[in-house]
């Protein structure tokens, strides 16, 4: 299934509990209740003649953007748009969804999806990196499903996609994001479906 329409994943909240979520956004008989949020940015995906990771990688290198190895690995495994199209992005917090600040990330993420938003993928993050040159000090975090990556001392941690600006340098990378931790002060990027109309 296309990463913009379906996500199936398993996450481990602790050593004794495994939770299985399956979110099917557009394929379910029961459609999500669409909520609308102000559009933050609009980016174009499928923008290159060659569909795949290499054009994005080369374009980011040309713009002197740092690309971490983990992000490059995720980008290489992404399903890319087959034609050029515009994607509307929103940036929301737990409060925007009516959640308490102590709500864990997995609850925030699933409520966002049930509100009609779509989890972005690495192509969208790359397209935003190319267009979002004026980024300030605040990290830009994406409402993705955390992926397992090796952290310090060989431990496996869960990470989401991130755009950063530090010491005059733009970068794309990953940010540590356990499912069971709250992130009350962070804003996360999601895709807003084109059929939703923003206020």
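The values are calculated or read from the model by the stated rules, or taken from the named source; none is laboratory data. For clarity, every value in this text was computed on a predicted model and none was experimentally measured. Using ideal geometry, Cβ is built from the backbone for each residue, glycine included, and neighbour counts are taken over all protein chains shown.
Quick notes on this one:
- Filtered by the rule that a residue be in contact with a strand residue (DSSP E or B) (Cβ under 7 Å, 6 or more places away or on another chain) and part of a helix (DSSP H, G or I), the stretch 127-150 gives 127, 128, 129, 131.
- Strands (runs of 3 or more DSSP E) fully within the stretch 152-199 counting 1 or more residues that are at pLDDT below 85 and farther than 15 Å from residue 119 by Cβ: 156-166
- The requirement of being closer than 17 Å to residue 176 by Cα and either in contact (Cβ under 8 Å) with a residue 60 or more places away in the chain or surrounded by fewer than 17 Cβ atoms within 10 Å (Cβ to Cβ) (or both) is satisfied by residue 147.
- Summed over the stretch 79-102, residues that are in contact (Cβ under 8 Å) with a residue 24 or more places away in the chain, assigned to a loop (DSSP other than H, G, I, E, B) and buried (at least 17 other Cβ atoms within 10 Å of the Cβ) total 3.
- Residue selected from the stretch 58-78 under the condition in a helix (DSSP H, G or I) and in contact (Cβ under 8 Å) with a residue 40 or more places away in the chain, by the criterion surrounded by the most Cβ atoms within 10 Å (Cβ to Cβ): 71
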